[in-house]
């Protein structure tokens, strides 16, 4: 078991399993302190700006976005009516790669991002290869007919046998199909992200 790879270092830096793979839970159990530090190291106190920056970086790493992608999403959310943090969080949830992950048809967001990039899914019958594609209510996401026999899906479906997807997604695992039945509800979104810190970070820049 490796504890020093780039992903393991990010998980340890954030103190949260941002990739959701079981092996990173073991990383945090084995080394619940930041990279380059020991178990007896004193935790340095971050400034307010440092805390905001760290929270923004955590959300970026969790969803696999570049700084440009993330700041562009914030810019769009900030121009809309309503709470910017809630809107930004909804935008993240509505990404196609996240929807596939949240529906239980992939083990991690990284895996779902690769699946979409390889063209394994269609939206309303149209092949989509852009992980950032934002889904809308009423759309149906399915695995392409040519990809349904792929050996990648049976172990994923088995692993999620008792998994409960969020209420805004209707999942038919037998047919590898997802229906977007509503908009993401705040209670269904990832609660480990402090959007207030992120909004404050961008507001001061």
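When restricted to residues that are exposed (fewer than 14 other Cβ atoms within 10 Å of the Cβ) and assigned to a loop (DSSP other than H, G, I, E, B), region 149-162 contains 4.
Residue-wise test of (1) closer than 15 Å to residue 199 by Cβ; (2) buried (at least 16 other Cβ atoms within 10 Å of the Cβ).
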position	(1), (2)
67	no, no
80	yes, no
96	no, yes
103	no, yes
109	no, yes
118	no, no
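Restricting attention to region 92-107, report how many residues are under 22 Å from residue 56 (Cα atoms) and in a loop (DSSP other than H, G, I, E, B). Write out each step before concluding.
Within region 92-107, the subset under 22 Å from residue 56 (Cα atoms) is 92-99, 101-102.
From the residues that got through so far, the ones that are in a loop (DSSP other than H, G, I, E, B) too are 94.
Of the residues in that region, 1 qualify.
Identify, please: which residue in region 134-148 is assigned to a loop (DSSP other than H, G, I, E, B) and modelled with pLDDT of 95 or more and is, among those, surrounded by the most Cβ atoms within 10 Å (Cβ to Cβ)? Break it down stepwise before answering.
Our first condition is that a residue be assigned to a loop (DSSP other than H, G, I, E, B); within region 134-148, this holds for 135-139, 144, 148.
From the residues that got through so far, the ones that are modelled with pLDDT of 95 or more too are 135-139, 144.
Numbers: 135: 24, 136: 10, 137: 11, 138: 10, 139: 16, 144: 15.
Across region 134-148, the extreme among qualifying residues is 135.
If the condition is being part of a loop (DSSP other than H, G, I, E, B) and either modelled with pLDDT under 95 or crowded, with 16+ Cβ neighbours inside 10 Å (or both), then region 169-205 contributes 176, 183, 184, 185, 189, 190, 191, 192, 193, 194, 204, 205. In the condition set (1) outside the structural domain of residue 160 (by TED's automatic domain parsing); (2) surrounded by 17 or more Cβ atoms within 10 Å (Cβ to Cβ); (3) touching a helix residue (DSSP H, G or I) at 6+ places or on another chain (Cβ under 8 Å), residue 123 is compliant with all but (1). Being in a helix (DSSP H, G or I), within 18 Å of the chain's Cα centre (by Cα) and at pLDDT below 80, is that true of even one residue in region 7-21? No; the residues of region 7-21 include none that is in a helix (DSSP H, G or I), within 18 Å of the chain's Cα centre (by Cα) and at pLDDT below 80.
Which of the residues spanning region 108-133 are in a strand (DSSP E or B) and either out of contact with any strand residue (DSSP E or B) (no Cβ under 6 Å at 6 or more places or on another chain) or touching a residue at least 24 places away in the same chain (Cβ under 8 Å) (or both)?
Filtering region 108-133 for residues in a strand (DSSP E or B) gives 121-123, 126-127.
Of everything in region 108-133, those that are in a strand (DSSP E or B) and either out of contact with any strand residue (DSSP E or B) (no Cβ under 6 Å at 6 or more places or on another chain) or touching a residue at least 24 places away in the same chain (Cβ under 8 Å) (or both) turn out to be 121, 123, 126, 127.
The values are calculated or read from the model by the stated rules, or taken from the named source; none is laboratory data. These numbers were taken from a predicted model, which means no experiment stands behind them. A quick note on method: Cβ atoms are made from the backbone with ideal geometry, for glycine too, and the neighbour counts reach across all protein chains shown.
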